[in-house]
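Written below as structure tokens is the structure these notes are about.
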Amino acid sequence: MTTTFANGSPHPDDFDPAEPANAFSSGRSAAPADLSAFDADYDEAEAPSQANVPDGKYQVRVQRVELGRSQAGDPMLKWDLLVLSGTHAGRHIFKNSVITHRSLPFVKGDLQTLGVELPKFSDLPHHLDALLDQTLEVTQRTKGDYTNVYFNRRITVPAGAANDAAAIDADSIPF
């Protein structure tokens, strides 16, 4: 018997198709892990904040971008930006760029800031990879319930440093 997930895919622990090596499906129970070594540290540990980073300027890297749809059904670019330096290094800033006739100039400006020139806008899905790993200066501003993230300028960093937040410090980027 092979164990499968709800989506029909086989469980990765199934080595022998005749008998799964999975404690959940085979009826076997595994010995519980001894977590007592973490007791003292657990009391002192502080869970990371789930709050957004405060308004201000940040050095970020485009970690992920995808083309999706807004709740209203409009096309939308979903940006995941990794903060590279400062007290919020390692945190994420998220930006959703809903694409409408009214917002198109702003989306085009963001793409141009990242150095992406499209012969026609419908080619955008084929150029999403060119947006990844770009390093930027962004400004985040909140007004009421709405937070906006503005792409100020692209930043050139030494080769290899764009993928290593620890390699980028205040002296290596001029602002």
The stretch 56-167: Cα Rg divided by the 2.2 N^0.38 Å rule of thumb: 1.06
Taking amide hydrogens as modeled 1.01 Å from N in the peptide plane, which residues meet the under 5 Å criterion relative to ASN152, leaving out close sequence neighbours? GLU137, VAL138, THR139
Diffing the stretch 38-43: the Karplus 3J(HN,Hα) column from phi (6.51, -1.76, 1.60, θ = phi - 60°), in whole Hz with x for Gly and Pro, holds 9, 4, 5, 5, 5, 4
Amide H contacts under 5 Å for ASP55, placed H, 5+ residues apart: none
For GLU66 and LYS143, what is the calculated FRET efficiency with R₀ set at 41 Å and r taken between the beta-carbons, to the nearest 0.05? 0.95
Do any trypsin sites (Lys or Arg not before Pro) in the stretch 34-113 lie in a loop, going by DSSP, with at most 10 other beta-carbon atoms within 10 Å of their beta carbon, and if so which? ARG102
Report, by chain and number, residues whose modeled amide H sits under 5 Å from the one on ILE99, excluding near sequence neighbours (fewer than 5 apart, same chain). MET76, LEU77
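Laboratory data are not the source of any read-out in this text; all were calculated from the coordinates shown. Please read these numbers as outputs of a predicted model, since none were measured by experiment. Every residue, glycine among them, receives a Cβ derived from its backbone with ideal geometry; neighbour counts consider all protein chains shown.
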